[in-house]
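Before any comments, here is the structure.
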Amino acid sequence: MSSPVAPLVEIFSSIQGEGIWVGCRQIFLRFAGCNLTCSYCDTPRDIPRHCRWEARPGSREFLLLPNPLTPQEVALKIRKLNPAIHHSISLTGGEPLLHTSFLLELIPLLKGTRQGIYLETNGTLPDNLERILPLVDIIAMDIKLPGTANINPCWQEHRAFLKLARGKHVFVKLVVDEDSKPEEIERALDLICSVGDIPLVIQPVTTPEGKTRLKPEIAITWQSRALERLTDVRVIPQTHKFLGHL
Ligand SMILES: C[S@@+](CC[C@H](N)C(=O)[O-])C[C@H]1O[C@@H](n2cnc3c(N)ncnc32)[C@H](O)[C@@H]1O
Ligand SMILES: Nc1nc2[nH]cc(C(=O)O)c2c(=O)[nH]1
Ligand code: SF4
Ligand SMILES: [Mg+2]
């Protein structure tokens with residue numbers, strides 16, 4: 001059987017700007033393609049002809065690799081970024097779980113970081129997660145508020161997903177803005193609490209101009225509400241956008 005290939009957007013070394021591992025050094029592997037269309041999404045939807053590869057960690061000089069790539073090609077480029085100085089490898093996108101056959105071949109080739117594989121996911125493809133779960137160390141899972149993302153609800157998928165993920169180092173990210181509906185935030189909290197006392201990060205939407213659209217009073221009110229039910233609830237904007245990093 002021929003080896004799977006995948007379209008990649010970019011492979012680079014940067015500082016994790018979101019969630020509870022914010023500030024950690026990571027290698028990012030961004031897959032093209034997504035099963036959702038969140039209105040606030042900051043990542044281009046098109047599948048590029050070339051993958052941008054940063055040849056030296058932190059250099060900001062990119063070479064172009066023709067898409068699609070094989071697991072062996074990707075692993076080689078990641079090795080050149082010096083995994084040993086990195087906390088983990090972030091699989092992101094788009095939606096990385098659209099590429100599970102590829103990941104089953106790729107992940108065993110990725111060695112040498114300190115904490116292994118960090119999956120950044122929209123949390124809607126539980127069957128795909130199940131296939132690669134033993135190979136993943138950390139899961140950053142979104143629960144999508146349908147009104148904020150302007151998509152159909154995914155509550156059932158999210159519940160099945162979180163149940164599978166709870167055996168790992170997992171946290172949930174809720175992307176919110178000024179207009180997020182209280183009933184949807186409450187529903188997300190109900191969902192999390194029904195699965196476990198899982199850390200929650202409330203992440204304000206960043207606008208294309210680099211501003212957040214969430215008044216501090218609203219953020220603090222939602223944090224108080226969530227802290228009545230969960231032990232660890234943090235409000236963290238996307239810090240890499242302030243740093244001007246990728
Ligand atoms: C680009 S997505 C890729 C991974 C996966 N598709 C997901 O949605 O989790 C990575 C993270 O960025 C968040 N995100 C995307 N656009 C954003 C924006 N404009 N403001 C704040 N967070 C955003 C997503 O919600 C997700 O947590
Ligand atoms: N620095 C940095 N941190 C991130 N955390 C999650 C990201 C993503 O797009 O998945 C991301 C990203 O694109 N850059
Ligand atoms: S699921 Fe993630 S990549 Fe897909 S549209 Fe939403 S934010 Fe963007
Ligand atoms: Mg991003």
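Summary of computed values
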item: Identity of the residue in segment 210-230, over 22 Å from the mean Cα position of the chain (by Cα) and in a loop (DSSP other than H, G, I, E, B), that ends up farthest from ligand 2 (Cβ to nearest atom); result: GLU228
item: Test: residue in segment 37-52 that is touching a His at 6+ places or on another chain (Cβ under 9 Å) and either more than 18 Å from THR206 (Cβ to Cβ) or of a type in the set (Lys, Arg) (or both); result: no
item: Residues within segment 12-43 that are within 17 Å of LEU97 (Cα to Cα) and more than 11 Å from ligand 4 (Cβ to nearest atom), tallied; result: 9
item: Output for segment 67-96, where each listed residue is in contact with a helix residue (DSSP H, G or I) (Cβ under 8 Å, 6 or more places away or on another chain) and either modelled with pLDDT under 95 or within 16 Å of ligand 4 (Cβ to nearest atom) (or both); result: ILE89, LEU91, PRO96
item: Subset of segment 42-59 (residues that are free of Cβ contacts under 8 Å to residues at least 40 places away in the same chain and within 13 Å of ligand 2 (Cβ to nearest atom)); result: PRO44
item: Tally, over segment 139-184, of residues that are within 17 Å of the chain's Cα centre (by Cα) and either closer than 21 Å to THR212 by Cα or more than 14 Å from ligand 1 (Cβ to nearest atom) (or both); result: 16
item: Some residue of segment 32-45 being within 16 Å of ligand 3 (Cβ to nearest atom), part of a loop (DSSP other than H, G, I, E, B) and among the β-branched types (Val, Ile, Thr); result: yes
item: Breaking point among (1) away from ligand 1 (no atom under 16 Å from the Cβ); (2) farther than 14 Å from ILE132 by Cβ; (3) within 18 Å of the chain's Cα centre (by Cα), for THR43; result: (1)
item: Test: residue in segment 5-20 that is more than 16 Å from ligand 1 (Cβ to nearest atom) and assigned to a loop (DSSP other than H, G, I, E, B); result: yes
item: Residues of segment 20-39 that turn out to be in contact with a strand residue (DSSP E or B) (Cβ under 7 Å, 6 or more places away or on another chain) and away from ligand 2 (no atom under 12 Å from the Cβ), as a count; result: 1
item: Top-ranked residue of segment 58-68 - restricted to ones that are touching a Lys or Arg at 6+ places or on another chain (Cβ under 8 Å) and surrounded by 11 or more Cβ atoms within 10 Å (Cβ to Cβ), ranked as nearest to PRO96 (Cα to Cα); result: ASN67
item: For LYS241: the one exception among (1) in a loop (DSSP other than H, G, I, E, B); (2) within 16 Å of ligand 2 (Cβ to nearest atom); (3) modelled with pLDDT under 95; (4) in contact with a strand residue (DSSP E or B) (Cβ under 8 Å, 6 or more places away or on another chain); result: (1)
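The values are calculated or read from the model by the stated rules, or taken from the named source; none is laboratory data. These numbers were taken from a predicted model, which means no experiment stands behind them. Positions of Cβ are generated from backbone atoms using ideal geometry, with glycine treated the same way; all protein chains shown enter the neighbour counts.
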